[in-house]
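Following: one structure in structure tokens, then a few remarks.
Values in this text are rule-based calculations from the coordinates and carry no lab data. Quantities reported herein were computed from a predicted structural model and do not represent experimental measurements. All Cβ positions, glycine included, derive from the backbone under ideal geometry; neighbour counts span all protein chains shown.
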Amino acid sequence: MPLVLRPRDGLPTTATVDLAGVTPDRLAGHDLAAIERITIAVDGQSLPLAAAFMVSGNLASDGRIDCLGDFSRVDNLGAGMGSGRIEVAGDVGHRAATGMTGGELVVAGSAGQWLAAGISGGIVRIEGDAGDDAAAALPGQSQGMTGGLVVIEGCVGRLAAARMRRGIVAIGGDCGAGAGLELRAGTLLVAGRLGRHAGLGMRRGSIIALGAPPTPGPTFLPGGTWSPPFLALLERRLAAARFRAAGGRGHRGPTVPPGRWSEERWNQWHGDTVGGGRGEFFVRAILPPRP
């Protein structure tokens with residue numbers, strides 16, 4: 001069975017817990033007693049893990065940690081993880097999976113700010129919504145996500161995938177302002193509505209507006225209308241990751257209808273010309289009805 005963490009009943013619901021370093025790869029080889037003695041921070045105070053969580057099971061069988069109960073105020077869950085799997089039954093706090101290099105984080109609820117910021121590998125899957133700066137750059141960092149796959153079925157806040165250099169970010173719901181800000185490379189797909197200033201300052205990479213067709217900013221130049229072959233590869237990759245355009249809690253528009261969206265026709269825009277104009281912005285083509 002996996003290692004199981006449950007918040008203790010006496011833990012205040014207003015307490016903020018920092019679980020940085022509690023990952024399957026870093027706990028590998030430790031017995032249950034040693035894991036219970038690992039130091040964590042609760043409201044800035046250093047405490048053993050067992051003081052805040054009931055710990056059971058082990059990591060020997062499958063390298064997995066299951067988080068059961070209220071983890072909405074638990075920060076840095078999965079931060080720096082290199083291998084293994086963490087599953088959260090509900091919501092999770094800020095900075096989940098930041099700096100992750102491998103492994104998998106699966107959250108059945110929503111996530112806070114800076115989800116997967118600075119990630120360089122692995123898979124992050126959020127079945128609910130996420131806050132600002134998802135898969136973006138951490139404060140003071142010049143680049144955000146540099147590899148891996150981030151799938152968010154719901155809506156996200158501002159600056160999603162800002163300064164991303166490599167990897168794939170797929171968002172099933174709406175996206176706040178500044179998505180793909182200063183994008184260096186990689187792919188950002190949004191199935192809901194894109195907020196203002198999407199792709200501002202992007203240098204390379206691709207933004208794919210799968211939902212309501214936006215109008216790129218004035219520093220983007222129109223290109224051709226076609227069906228790019230790489231979209232079929234992306235569609236298969238996201239299907240394997242069980243990506244769904246679910247809409248999310250805050251989504252106000254319709255969900256994307258089922259079908260092979262990669263085979264549709266797309267209007268391609270080039271930009272941002274301020275950043276060199278080598279980025280690609282794909283918007284679903286609205287074709288006139290056949291006679």
> What order do you get for 279-286, 143-150 when each peptide is scored by the mean count of other beta carbon atoms within 10 Å, highest first?
Replying inline: 143-150, 279-286
>> If Rh is defined by the Kirkwood formula over all Cα pairs and Rg also comes from Cα, what ratio Rg/Rh do you get for the chain?
In response: 1.03
> To the nearest 0.05, what FRET efficiency results for THR273 and TRP226 with a Förster distance of 22 Å applied to their C-beta separation?
Replying inline: 0.60
> Taking the simple approach of a point 7 Å from Cα along Cα-to-Cβ for both SER120 and SER56, what is their distance in nm?
Replying inline: 3.8
> Taking amide hydrogens as modeled 1.01 Å from N in the peptide plane, which residues meet the under 5 Å criterion relative to GLY99, leaving out close sequence neighbours?
Replying inline: GLY80, ALA117, GLY118, ILE119
> How many nm separate the modelled label positions at ALA34 and ARG196, each set 7 Å beyond the Cα in the direction of the Cβ?
Replying inline: 5.4
>> Compute and list, largest first, the equivalent-ellipsoid semi-axes of region 15-90 from the alpha carbon gyration tensor, each √(5λ) rounded to a whole angstrom.
In response: 18, 14, 12
> Contour minus end-to-end for ALA240 and ALA89, with contour as 0.36 nm per residue of separation and end-to-end as the Cα-Cα distance?
Replying inline: 52.2 nm
> How many percent of Cα pairs in region 32-137 exceed 18 Å?
Replying inline: 48
>> Students often check this: by mean Cβ neighbours within 10 Å, which of 211-223, 176-188, 100-112 ranks highest, and how do the rest follow?
In response: 176-188, 100-112, 211-223
> Where does region 1-48 land on the Kirkwood hydrodynamic radius, alpha-carbon pairs, in angstrom?
Replying inline: 11.9
